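Chemist: I'd like to ask you about the structure that follows.
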Amino acid sequence: EAGVAQSPRYKIIEKRQSVAFWCNPISGHATLYWYQQILGQGPKLLIQFQNNGVVDDSQLPKDRFSAERLKGVDSTLKIQPAKLEDSAVYLCASSHLPPDTEAFFGQGTRLTVV
Amino acid sequence: KNQVEQSPQSLIILEGKNCTLQCNYTVSPFSNLRWYKQDTGRGPVSLTIMTFSENTKSNGRYTATLDADTKQSSLHITASQLSDSASYICVPHSGGYQKVTFGTGTKLQVIP
């Protein structure tokens, strides 16, 4: 079974630039998550989709972050404009519908904002 | 507010030794708790899941315990190996679509 695919693996941008990350979840997983993991911390949920609908985006900085999951499969997370504090690893995860809570994670995209 | 505290923050042990990692949480209601292992540069991987009715569960050299009354869990690693070097993250869950709160993790380093 293929895992969660993310791209790119690394990205370096200047502040105020924009960036987009892509995620392809495990086939058949209805739930997709985007997490932000700052160095030394645990992952923080940014947004959770069920199919193509948003379940929770309460911690997504909506003035600069946006995410979509067209057709309920692939997803993109965009930051525009980026700030220095956005430097982090952005993890995508997917799972079956609740109450199954095991999330399968991609390798993440390491973003450095300079 | 749901909170998860893990201790110690970091730990260095000799290969072959045992260690125990702690997790205290305030998630309510409580449905289950997972321990994840996160290797450097990789996403977390689930090690074990415990429901509120379970006290102990083993997965190879990993043994997790849960006390739902005191809202504490531990992860015991027996006969540590170099490959155990990673961050271990505790994740209690309220069930359903409740937001999941990840602990900050314990960074374990096993040295030869």
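Here is a yes/no grid of residues against (1) of a type in the set (Ser, Thr, Tyr); (2) in contact with a Gly (Cβ under 6 Å, 6 or more places away or on another chain); (3) surrounded by 15 or more Cβ atoms within 10 Å (Cβ to Cβ):
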| residue | (1), (2), (3) |
| --- | --- |
| A:Lys15 | no, no, no |
| A:Trp34 | no, no, yes |
| A:Asn51 | no, yes, no |
| A:Val54 | no, no, no |
| A:Arg64 | no, no, no |
| A:Ala88 | no, no, yes |
| A:Leu91 | no, yes, yes |
| A:Ala103 | no, no, yes |
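Chemist: Checking A:Ile38 against (1) in contact with a Phe, Trp or Tyr (Cβ under 9 Å, 6 or more places away or on another chain); (2) within 11 Å of another protein chain (Cβ to nearest Cβ); (3) under 22 Å from B:Gly41 (Cα atoms): exactly one of these is not met. Which one?
Modeler: With respect to (1) in contact with a Phe, Trp or Tyr (Cβ under 9 Å, 6 or more places away or on another chain); (2) within 11 Å of another protein chain (Cβ to nearest Cβ); (3) under 22 Å from B:Gly41 (Cα atoms), A:Ile38 is out only on (1).
Chemist: Tell me, which strands (runs of 3 or more DSSP E) wholly within the range B:1-45 include 3 or more residues that are more than 16 Å from B:Thr63 (Cα to Cα)?
Modeler: Fully inside the range B:1-45 and qualifying: B:4-7, B:10-14.
Chemist: Could you say whether any residue in the range A:71-92 is modelled with pLDDT of 95 or more, among the hydroxyl-bearing types (Ser, Thr, Tyr) and within 30 Å of B:Ser7 (Cα to Cα)?
Modeler: Yes, some residue in the range A:71-92 is modelled with pLDDT of 95 or more, among the hydroxyl-bearing types (Ser, Thr, Tyr) and within 30 Å of B:Ser7 (Cα to Cα).
Chemist: Kindly indicate which of B:Thr101, B:Thr78 is touching a residue at least 12 places away in the same chain (Cβ under 8 Å), within 10 Å of chain A (Cβ to nearest Cβ) and open to solvent by 30 Å² or more (accessible area, probe 1.4 Å).
Modeler: On the way: B:Thr78 fails: within 10 Å of chain A (Cβ to nearest Cβ).
The conditions single out B:Thr101.
Chemist: Between a first residue in the range A:20-44 that is without any contact (Cβ under 8 Å) to a residue 12 or more places away in the chain and a second residue that is open to solvent by 10 Å² or more (accessible area, probe 1.4 Å), which pairs have beta carbons less than 7 Å apart while being 6 or more apart in sequence or on different chains?
Modeler: From residues that are without any contact (Cβ under 8 Å) to a residue 12 or more places away in the chain, the pairs are A:Gln41/B:Thr104; A:Gly42/B:Phe102; A:Gly42/B:Thr104.
The values are calculated or read from the model by the stated rules, or taken from the named source; none is laboratory data. For clarity, every value in this text was computed on a predicted model and none was experimentally measured. Every residue, glycine as well, gets a Cβ built from its backbone with ideal geometry; the counts of neighbours run over all protein chains shown. Keep in mind that these areas ignore ligands, DNA and RNA; they rest on the heavy atoms of the full protein, side chains included. Shrake-Rupley method; radii C 1.70, N 1.55, O 1.52, S 1.80 Å.
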